[in-house]
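Worksheet for the structure shown next.
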Amino acid sequence: MSKILIIADIHGGKLGAAVYKTVAAAGPIGGEIHIAVFAVDGAAAAAEAAKVEGVSKVLQIDNPANEHEMAAVLTPQIVALAKDYTHVLFAGNTFGKDIAPRVAAKLDVQQVSDIMAVHSATSFDRPIYAGNAICTVEAPAAPCIVATVRLASFQAVGDSGSASVESVSISAEIPTHTRFVSLEAASSERPELQSATRVVSGGRALGSEEKFKIIYNFADKIGAGVGASRAAVDSGYCPNDMQVGQTGKIIAPDLYFAIGISGAIQHLAGIKDAGTIVAINKDEDAPIFEVADFGLVGDLFQLVPELQEKL
Amino acid sequence: MKALVSVKRAVDYNVRIQVKPDGSGVVTDGVKHSMNPFDEIAMEEAVRLKEKGVVTEIIAVTVGVKKCEETLRSALAFGADRAVHVLEEGAVQPLTAAKALAAVFKKEEAKLFLCGKQAIDDDANQTGQMIASLLDLPQATFASKIVIEGEKAKVTREIDAGLETLEVDLPAVITVDLRLNEPRYLKLPDIMKAKKKAIDPQSLESLGVSAGAGLKIIKTSNPPARTKGIMVKTVDELVSALKNKGLV
């Protein structure tokens with residue numbers, strides 16, 4: 001029987017949404033699921049965690065040092081808890097990706113990154129080459145399995161559970177070599193690319209930074225995040241962080257618009273898990289049409305404003 | 001201060017990878033390889049820090065097969081002063097690579113370890129964090145800005161919640177993200193010069209590292225393929241198709 005510990009990410013004292021999907025991945029492993037809440041005062045987040053369906057216990061670890069979820073600070077505390085568990089799971093977001101390998105190395109275990117399917121307590125599928133291949137791995141059970149969960153692969157569990165909350169104090173030496181300075185919150189006007197349910201991306205065919213505005217306008221109309229192909233980024237139409245693709249962001253929105261994007265391999269690698277792909281391109285032979293659910297051939301500068309008006 | 005930059009040889013990002021029919025992996029023979037793009041960004045940052053006079057020596061390091069020497073030559077052309085090649089013909093998982101790289105970092109008494117946040121082949125996103133863990137050093141992952149001030153570094157990190165800035169004491173491990181910089185194109189004279197720079201051969205044994213149990217790769221398979229959808233003729237047709245699917 002497995003005993004699974006999930007490390008929760010906390011945002012402004014509240015439980016992060018990723019926990020619900022991480023618990024969904026833990027379910028098929030089979031066994032008891034506990035959630036650890038590290039915070040300054042984690043009472044509110046722990047109460048939320050107690051309601052996550054499938055969870056039997058919540059560990060609340062309060063410590064002034066836990067204010068900013070820093071890997072160097074959390075790792076010794078997680079390692080202290082890990083000895084009682086067969087699995088330590090993290091969400092595969094920047095929180096989990098930052099901390100999990102630090103924990104795994106301390107426990108001298110090879111981490112499993114981005115679990116997308118669970119075959120058994122020790123066997124998992126994970127994507128490699130930006131999801132262009134799937135690798136089935138078997139992880140040694142001892143001393144424990146440390147893994148991150150690919151959030152796009154799991155449906156969130158509900159919140160009608162009733163786990164017990166236990167306040168835990170951990171005596172671990174916490175380093176002071178890493179200090180929080182500031183957090184500049186992402187602009188809230190537009191949905192964040194990686195969590196947006198709708199994304200509109202523009203490619204080289206936009207032609208200039210000025211003309212790229214047509215993408216922002218359309219995205220804002222339908223409440224979508226905005227992305228770009230590498231070609232558009234390299235041409236200077238928009239900043240680097242908007243790049244969707246193998247070397248940029250890998251996204252899985254419900255609805256994806258590829259506008260003026262030819263569909264280079266490196267871009268397709270970033271969107272293959274999108275629910276529905278709509279492509280608008282003037283070249284009917286563009287490779288993007290091979291993967292698009294709906295394709296429309298024509299001049300984007302006419303079609304996009306028309307689409308914007310009719311949606 | 002000395003900076004160590006790890007660079008990984010990976011299948012080029014423009015290659016359409018193919019899974020071997022027997023499921024034993026992906027085809028890498030006869031396929032174009034280049035430096036992992038995130039490691040290029042790490043290399044570029046090290047060179048910029050050297051140009052600013054913050055870094056005095058750049059050492060490029062890799063772990064892997066003989067052919068990884070090409071990647072080290074690229075790093076030397078970028079501006080690394082010398083290189084260390086931890087030769088290993090077998091598959092190297094992140095924890096083993098991290099142990100080897102940590103050993104080199106310690107041996108070189110470097111102050112700064114830079115690497116890409118992940119490699120685009122195995123997409124593990126582990127090695128930098130593991131090096132920091134093994135050496136009990138600070139880590140700053142997904143860096144989009146690095147400012148070195150004396151014995152400290154201020155690193156802005158691209159995280160889901162926005163841009164977080166951490167201050168870390170040096171030595172430290174920093175893994176870099178896309179936004180940090182745009183790597184320069186290599187110039188022929190630099191490529192020629194790189195051929196004369198020294199590469200120090202090492203091995204896991206010489207560094208006192210043993211490859212642990214690691215993950216067993218059971219099989220590699222193709223992801224479910226997307227099928228070609230339908231072509232619509234007009235915006236109206238598109239709108240009604242999206243409405244039918246309940247998407248708008």
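The values are calculated or read from the model by the stated rules, or taken from the named source; none is laboratory data. Because the structure is predicted, anything quoted here is derived from the model rather than measured. Counting neighbours? That spans all protein chains shown, and the Cβs are built from the backbone with ideal geometry, glycine included.
Some observations on this one:
- Residue count, segment B:224-244 (criterion: farther than 22 Å from A:N281 by Cα and at pLDDT 90 or above): 1
- Among the residues of segment A:203-229, those identified as in contact with a Lys or Arg (Cβ under 9 Å, 6 or more places away or on another chain) and assigned to a strand (DSSP E or B) are A:G225, A:V226, A:G227.
- Condition met for A:A8 (in contact with a helix residue (DSSP H, G or I) (Cβ under 6 Å, 6 or more places away or on another chain) and over 20 Å from A:P143 (Cα atoms)): yes
- Residue count for segment B:94-115 satisfying the condition of being aliphatic (A, V, I, L, M) and part of a loop (DSSP other than H, G, I, E, B): 1.
- Number of residues in segment B:124-142 that are surrounded by 24 or more Cβ atoms within 10 Å (Cβ to Cβ) and either among the acidic types (D, E) or more than 7 Å from chain A (Cβ to nearest Cβ) (or both) equals 4.
- Matching residues in segment B:143-153 - criterion: being closer than 21 Å to B:N181 by Cα and either facing chain A (nearest Cβ under 10 Å) or of a type in the set (D, E) (or both): B:S144, B:E149, B:K152
- A:D220 closer than 28 Å to B:I120 by Cα and either of a type in the set (D, E, K, R) or surrounded by fewer than 24 Cβ atoms within 10 Å (Cβ to Cβ) (or both): no
- Taken over segment B:183-212, the criterion of being surrounded by fewer than 13 Cβ atoms within 10 Å (Cβ to Cβ), touching a residue at least 60 places away in the same chain (Cβ under 8 Å) and under 30 Å from B:E158 (Cα atoms) is satisfied by no residue.
- Selection from segment A:144-161 of residues that are among the small types (G, A, S) and at pLDDT below 95: A:A152, A:S153, A:A156
- Selection count, segment B:169-194, where residues are of a type in the set (D, E, K, R), away from chain A (no Cβ under 14 Å) and over 22 Å from the mean Cα position of the chain (by Cα): 1
- Annotation: of all residues in segment A:40-77 being surrounded by fewer than 20 Cβ atoms within 10 Å (Cβ to Cβ) and of a type in the set (A, V, I, L, M, F, W, C), the one that is nearest to the other protein chains (Cβ to nearest Cβ) is A:A65.
- The condition (being surrounded by fewer than 22 Cβ atoms within 10 Å (Cβ to Cβ), farther than 30 Å from B:N36 by Cβ and either out of contact with any Gly (no Cβ under 9 Å at 6 or more places or on another chain) or within 9 Å of chain B (Cβ to nearest Cβ) (or both)) is satisfied by just one residue among A:D293, A:D273, A:D241: A:D293.
- First in segment B:87-104 and within 13 Å of chain A (Cβ to nearest Cβ), second anywhere and assigned to a helix (DSSP H, G or I) and hydroxyl-bearing (S, T, Y), Cβ under 6 Å, 6 or more apart: B:P94/B:T127; B:A97/B:T127; B:A98/B:T127
- Just so you know, in segment A:78-95 the residues that are part of a helix (DSSP H, G or I) and of a type outside the set (G, A, S) include one that is surrounded by the fewest Cβ atoms within 10 Å (Cβ to Cβ), and it is A:V79.
- For A:V37, the conditions (1) free of Cβ contacts under 8 Å to residues at least 60 places away in the same chain; (2) crowded, with 22+ Cβ neighbours inside 10 Å; (3) over 21 Å from A:D84 (Cα atoms) are fulfilled apart from (3).
Residues are listed down the side, and each one gets a yes or a no for (1) in contact with a helix residue (DSSP H, G or I) (Cβ under 6 Å, 6 or more places away or on another chain); (2) assigned to a strand (DSSP E or B); (3) at pLDDT 95 or above; (4) surrounded by 24 or more Cβ atoms within 10 Å (Cβ to Cβ):
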{"residue": "A:A104", "(1), (2), (3), (4)": "no, no, yes, yes"}
{"residue": "A:V109", "(1), (2), (3), (4)": "no, no, yes, yes"}
{"residue": "A:S113", "(1), (2), (3), (4)": "no, yes, yes, yes"}
{"residue": "A:A121", "(1), (2), (3), (4)": "yes, no, yes, no"}
{"residue": "A:R126", "(1), (2), (3), (4)": "no, yes, yes, yes"}
{"residue": "A:I134", "(1), (2), (3), (4)": "no, yes, yes, no"}
{"residue": "A:A142", "(1), (2), (3), (4)": "no, no, no, no"}
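- In segment B:213-230, the residues that are more than 7 Å from every other protein chain (Cβ to nearest Cβ) form no Cβ pair under 8 Å with any partner that is surrounded by 16 or more Cβ atoms within 10 Å (Cβ to Cβ) and among the aromatic types (F, W, Y), whether six or more places apart or across chains.
- Flag for A:A196 being assigned to a helix (DSSP H, G or I), among the hydrophobic types (A, V, I, L, M, F, W, C) and crowded, with 18+ Cβ neighbours inside 10 Å: no
- Qualifying residue in segment A:149-171 (condition: touching a Leu at 6+ places or on another chain (Cβ under 8 Å), touching a residue at least 12 places away in the same chain (Cβ under 8 Å) and within 8 Å of chain B (Cβ to nearest Cβ)): no
- Residue within segment B:131-154 that is modelled with pLDDT under 95 and either among the basic types (K, R) or within 24 Å of A:Q111 (Cα to Cα) (or both) present: no
- Checked against the criterion of being assigned to a loop (DSSP other than H, G, I, E, B) and either hydrophobic (A, V, I, L, M, F, W, C) or within 30 Å of A:A224 (Cβ to Cβ) (or both), the candidates A:D159, A:D98 yield just one match: A:D159.
- Extreme residue, surrounded by the fewest Cβ atoms within 10 Å (Cβ to Cβ), among residues of segment B:4-53 that are more than 13 Å from chain A (Cβ to nearest Cβ), more than 20 Å from B:L87 (Cβ to Cβ) and under 15 Å from the mean Cα position of the chain (by Cα): B:E45
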